[in-house]
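Peer 1: Mind having a look at this structure? Questions to follow.
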Amino acid sequence: MDGNLAALSSEEKVGLQLFMDVGCTNCHNGNLLGGRNFGKVDSIYSYNPNDLGRFEFTGNESDKYFFKIPSLRNVVLTQPYFHDGSVQTIQEAVNRMNAYNLNRQLDRSEINTIISFLNALSDKAKVTR
Ligand code: HEC
């Protein structure tokens with residue numbers, strides 16, 4: 001994030017390019033690639049309809065079903081995913097982003113390329129289980 005491209009392998013760079021091209025950065029942005037805003041979860045996937053998200057804190061109608069856009073720092077080390085922990089794998093988590101207003105849909109091989117970039121966001125020394 002400091003602009004040192006030598007920190008990434010060539011595959012990770014291709015993943016970063018895809019990450020930017022398809023619009024992941026419309027939501028996951030800033031130094032931590034997320035954690036700054038809220039986004040509406042898409043209703044095509046089932047989750048607990050009684051969990052109203054940010055509305056439960058603010059009481060504003062317009063906050064219904066809005067959840068924090070998570071930071072992607074260390075994301076491959078921090079499964080399960082989403083606010084309800086309903087998704088076990090990083091592959092499925094990225095696949096579900098196909099429903100979140102991307103510029104275009106990602107196929108499986110592109111999802112894997114993005115995941116190689118996400119792997120580069122891991123700070124294994126600092127994450128303990
Ligand atoms: C329109 C906004 C938006 C876009 C675009 C978007 N995301 Fe997300 N992303 C979210 C929101 C909101 C969540 C949290 C959903 C929840 O908790 O149910 C999320 C969750 C995730 C998660 C799970 C993280 C965790 O810790 O649970 C990953 C991984 C992820 N996004 C990766 C991506 C990638 C890669 C792209 C581009 C292919 C992308 N996102 C595009 C809004 C977006």
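The values are calculated or read from the model by the stated rules, or taken from the named source; none is laboratory data. All values reported here derive from a predicted model rather than from experimental measurement. So basically every Cβ, Gly included, is an ideal-geometry build from the backbone, and we count neighbours across all protein chains shown. Note: accessible area is taken over every heavy atom of the protein model, side chains too, but ligands, DNA and RNA are not part of it. Shrake-Rupley method; radii C 1.70, N 1.55, O 1.52, S 1.80 Å.
Peer 1: Here are some residues: 48, 26, 4, 31. Which one is without any contact (Cβ under 8 Å) to a residue 40 or more places away in the chain and under 17 Å from the mean Cα position of the chain (by Cα)? Working first, answer last.
Peer 2: Working: 48 fails: under 17 Å from the mean Cα position of the chain (by Cα); 26 fails: without any contact (Cβ under 8 Å) to a residue 40 or more places away in the chain; 4 fails: under 17 Å from the mean Cα position of the chain (by Cα).
Of 48, 26, 4, 31, the one residue that is without any contact (Cβ under 8 Å) to a residue 40 or more places away in the chain and under 17 Å from the mean Cα position of the chain (by Cα) is 31.
Peer 1: Specify the residue that is farthest from the chain's Cα centre (by Cα); the eligible residues are those in the range 68-94 that are more than 9 Å from the ligand (Cβ to nearest atom) and part of a helix (DSSP H, G or I).
Peer 2: This residue is 77.
Rundown of residues vs (1) under 21 Å from residue 112 (Cβ atoms); (2) of a type in the set (Lys, Arg); (3) modelled with pLDDT of 95 or more, yes/no style:
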position: 6; (1), (2), (3): no, no, no
position: 9; (1), (2), (3): yes, no, yes
position: 40; (1), (2), (3): no, yes, no
position: 43; (1), (2), (3): no, no, no
position: 70; (1), (2), (3): yes, no, yes
position: 90; (1), (2), (3): yes, no, yes
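Peer 1: Shifting gears a bit: Residues in the range 51-60: is at least one at pLDDT below 95, in a loop (DSSP other than H, G, I, E, B), more than 8 Å from the ligand (Cβ to nearest atom) and open to solvent by 90 Å² or more (accessible area, probe 1.4 Å)?
Peer 2: Scanning the range 51-60, I find no residue that is at pLDDT below 95, in a loop (DSSP other than H, G, I, E, B), more than 8 Å from the ligand (Cβ to nearest atom) and open to solvent by 90 Å² or more (accessible area, probe 1.4 Å), so the answer is no.
Peer 1: Which one is least open to solvent (accessible area, probe 1.4 Å) among residues in the range 71-82 that are in contact (Cβ under 8 Å) with a residue 24 or more places away in the chain and of a type in the set (S, T, N, Q)?
Peer 2: In the first step, residues of the range 71-82 are kept if they are in contact (Cβ under 8 Å) with a residue 24 or more places away in the chain; the result is 71-78, 82.
Next, only the ones that are of a type in the set (S, T, N, Q) stay: 71, 74, 78.
Working: 71: 41, 74: 25, 78: 68 Å².
Per the criteria, the residue is 74.
Peer 1: To continue, here is another question. Look through the range 95-129, keep the residues that are in a loop (DSSP other than H, G, I, E, B) and surrounded by 15 or more Cβ atoms within 10 Å (Cβ to Cβ), and return whichever of them is modelled with the lowest pLDDT.
Peer 2: Filtering the range 95-129 for residues in a loop (DSSP other than H, G, I, E, B) gives 100-107, 120-129.
Filter once more, so that each one left must be surrounded by 15 or more Cβ atoms within 10 Å (Cβ to Cβ): 100, 102, 106, 120-122.
Working: 100: 87, 102: 91, 106: 96, 120: 95, 121: 94, 122: 93.
Step by step, filter the range 95-129, then rank; the result is 100.
Peer 1: Looking at residue 85, is it in contact (Cβ under 8 Å) with a residue 60 or more places away in the chain, open to solvent by less than 50 Å² (accessible area, probe 1.4 Å), of a type outside the set (A, V, I, L, M) and within 27 Å of residue 124 (Cα to Cα)? It would help to see each step written out before you state the result.
Peer 2: Numbers: in contact (Cβ under 8 Å) with a residue 60 or more places away in the chain: no; open to solvent by less than 50 Å² (accessible area, probe 1.4 Å): yes; of a type outside the set (A, V, I, L, M): yes; within 27 Å of residue 124 (Cα to Cα): yes.
Answer is no for this residue.
Peer 1: Something else now. Which condition does residue 39 not pass, out of (1) in a loop (DSSP other than H, G, I, E, B); (2) within 11 Å of the ligand (Cβ to nearest atom); (3) open to solvent by less than 30 Å² (accessible area, probe 1.4 Å); (4) not aromatic (Phe, Trp, Tyr), if it passes all the others?
Peer 2: Only one criterion is unmet by residue 39, namely (1).
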